[in-house]
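The values are calculated or read from the model by the stated rules, or taken from the named source; none is laboratory data. What you are looking at is a predicted structure, and each value in this text was computed from that prediction instead of being measured. Please note: Cβ atoms are built from the backbone with ideal geometry, for glycine as well, and neighbour counts cover all protein chains shown. Just so you know, the surface numbers come from the protein's heavy atoms only, side chains and all, with ligands and any DNA or RNA stripped out. Shrake-Rupley method; radii C 1.70, N 1.55, O 1.52, S 1.80 Å.
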Amino acid sequence: MAYMNFDRPIAPDPYSLLPSVPSFSLISDDVIDGELMDIPFAHSNVGGEDRSPQLAWSGFPKQTRGFVVTCLDPDAPTGSGFWHWSVVNIPASVTELPSTSGGSDRALPQGAFSVRNDYGSRGYGGAAPPAGDRLHRYFFVVHALDVERLDVTTDVPPAAVGYKTVFHTLARATLTPTYRVSG
C-alpha cells in the first residue's frame, strides 16, 4: 500500500466557494452539527448500516418550488471530495426525510429519486474515511430551488446535479456531522 499523507490541509467549506445565498434551518434527530455520527450512518465496509440520517428543514423562501438534498465529504483524499448522496426533485411540500430515505427510491417522496453516489450505487452510502485519517466532515445540504424539477436522470453523476442545482438555488441549509475510522 502506498504511503498516504493524512496531514494534508483541511479542505474549505465547499459551499463557501459558490455564490452566496440565504440560509434556512436544517435539523436532525440522528446527527448533530460538528459531532461524530453513530455507526449506523457509516458505510457497511466499516461496520455501518448505510442508513441515511433523518433530516427536517424549515424557514426556506416562500417562492421555493422544490428541493435537492446532498451529502458531500470534502475531506476525502480525492482532490474533488466524495459524494455520498444526491436526491433530486423533492416537492416543495416535503420538509423532512426519514432515516430510511437513503435505502431506495421507494422510500423517497413521489417524483424524487437518487442519482448514483461515488460508491457507484444509487441511494445513501455511509461514511468510510480511510482508517487513521483525520476527522472527516459530511455536509448534508438541503437546497431550496426556484424550479420544481431538475432536468437530470438517475445516471448522471452527483457533480452534474451540483452544477444544475447551483443555478436554481434560492437558499441553502447545511448540517455537518463528522466521522473517523480508527487506524
* Could you look through segment 98-129, keep only residues that are over 15 Å from ASP50 (Cβ atoms) and aliphatic (A, V, I, L, M), and pick out the one that is surrounded by the fewest Cβ atoms within 10 Å (Cβ to Cβ)? => ALA112
* Structure fact -> Wholly inside segment 54-153, strands (runs of 3 or more DSSP E) that include 2 or more residues that are under 11 Å from the mean Cα position of the chain (by Cα) and touching a residue at least 60 places away in the same chain (Cβ under 8 Å) are 66-73, 82-91, 139-145
* Structure fact -> Expected output for segment 166-183 (first residue within 10 Å of ARG137 (Cβ to Cβ), partner part of a loop (DSSP other than H, G, I, E, B) and open to solvent by less than 20 Å² (accessible area, probe 1.4 Å), Cβ below 6 Å, 6+ apart or cross-chain) is PRO177/VAL31; PRO177/MET37; PRO177/TYR138; TYR179/MET37
* Quick one: GLY34 ticks every box in (1) at pLDDT 95 or above; (2) surrounded by 15 or more Cβ atoms within 10 Å (Cβ to Cβ); (3) in contact with a Ser or Thr (Cβ under 7 Å, 6 or more places away or on another chain); (4) of a type outside the set (Asp, Glu) bar one, so which box is it? -> (2)
* **So VAL88, is it open to solvent by less than 30 Å² (accessible area, probe 1.4 Å) and β-branched (Val, Ile, Thr)** => yes
* For segment 39-47, does any single residue satisfy the condition of being within 22 Å of ARG134 (Cβ to Cβ), touching a strand residue (DSSP E or B) at 6+ places or on another chain (Cβ under 6 Å), modelled with pLDDT of 95 or more and open to solvent by less than 90 Å² (accessible area, probe 1.4 Å)? -> yes
* To do: Determine whether segment 164-177 contains at least one residue that is open to solvent by 50 Å² or more (accessible area, probe 1.4 Å) and modelled with pLDDT under 95.
  => no
* Asked: With respect to PRO98, is the statement that it is touching a Ser or Thr at 6+ places or on another chain (Cβ under 9 Å), farther than 25 Å from GLY34 by Cα, at pLDDT 95 or above and not aliphatic (A, V, I, L, M) true?
  -> no
* Out of curiosity, is VAL161 over 24 Å from ASP29 (Cβ atoms) and in contact (Cβ under 8 Å) with a residue 24 or more places away in the chain? -> yes
